[in-house]
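**Q** Attaching a single structure in structure tokens format; questions to follow.
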Amino acid sequence: MSLMEQLIRIPLSVLTPPVCQVCGGRSGGKPVCDSCLEKLEGLRLPVSGFEPINSVLEAIYAPYRFDSVAADIVHLFKYSGLKSMGKLMARKMSEVLDGERFDCIAEVPLFAARRRERGFSQTLLLAIWISELSGIKHRRLLVRTRYTPPQARIKDHSRRFANVKNAFALNVSPNEVENRRILLVDDVSTTGATLNEAAMPLVEAGAASVSAVVFAVAG
Ligand SMILES: [Zn+2]
């Protein structure tokens, strides 16, 4: 499916929501009302970039903890295709990258069948919008090579790592990755297992560094 097709598949009716999409209250035409935005800001993390433990990732950047309003926003984008929520996420994710230098931005890809089922890839759209906001070049560096059950359904930490093992491969030639500082984009991270596994082919291809940005971290 082409990128344009993916963008078109998001229904037009959701582009101009009249009420707050999170609480359903009056919002003055904004997708999220001031009260919900205030609650979201209450989920701000103390540090936006932190070093993950036992990971090949150099850092994970995230504006928020995955809780209440943050979870609503992620679900409204991911499962209801509400573009305005994705745009909000991309804006907040770009803000925490302020001053950081990357050569290339790439999404954690969905498996092709999952993307078809959903009609769009939320991580691809986030990567494109963050690229537009930050000026970092976007490339589709990775493909998902097999179906993996959703991480959210797996409670055990070690099983989450096993679930995504070898699930990603390079989508470009290794010389397009070599010596580059790469930023991976995903919506949410819990154990960091998916991000770490997605970083593997990039590290193996000789990336100078691989970091990640997500909208919210859970757990
Ligand atoms: Zn609201």
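The values are calculated or read from the model by the stated rules, or taken from the named source; none is laboratory data. Just so it is clear, the structure is predicted and the values come from calculations on it, not from any experiment. Every residue, glycine as well, gets a Cβ built from its backbone with ideal geometry; the counts of neighbours run over all protein chains shown.
**Q** Looking only at the stretch 185-199, how many residues end up being under 16 Å from GLY219 (Cα atoms), in contact with a strand residue (DSSP E or B) (Cβ under 8 Å, 6 or more places away or on another chain) and in a helix (DSSP H, G or I)?
**A** So the count comes out to 1.
**Q** What's the number of the condition LEU12 fails, among (1) surrounded by 11 or more Cβ atoms within 10 Å (Cβ to Cβ); (2) modelled with pLDDT under 65; (3) more than 13 Å from the ligand (Cβ to nearest atom)?
**A** (1)
**Q** Collect the residues in the stretch 183-203 that are hydroxyl-bearing (Ser, Thr, Tyr) and crowded, with 22+ Cβ neighbours inside 10 Å, keeping them in residue-number order.
**A** SER189, THR194
**Q** Scan the stretch 18-63 residue by residue and report those that are surrounded by 19 or more Cβ atoms within 10 Å (Cβ to Cβ) and within 16 Å of the ligand (Cβ to nearest atom).
**A** Answer for the stretch 18-63, where residues must be surrounded by 19 or more Cβ atoms within 10 Å (Cβ to Cβ) and within 16 Å of the ligand (Cβ to nearest atom): CYS20, GLN21, VAL22, SER27, PRO31, VAL32, CYS33, CYS36, LEU40.
**Q** From the list ALA113, ALA127, exactly one residue is of a type in the set (Gly, Ala, Ser) and at pLDDT below 95. Which is it?
**A** Values: ALA127 fails: at pLDDT below 95.
So the residue among ALA113, ALA127 that is of a type in the set (Gly, Ala, Ser) and at pLDDT below 95 is ALA113.
**Q** Something else about it: Go through (1) crowded, with 21+ Cβ neighbours inside 10 Å; (2) without any contact (Cβ under 8 Å) to a residue 60 or more places away in the chain; (3) under 30 Å from VAL69 (Cβ atoms) one by one and return the number of the condition PHE161 breaks.
**A** Result: PHE161 passes all but (1).
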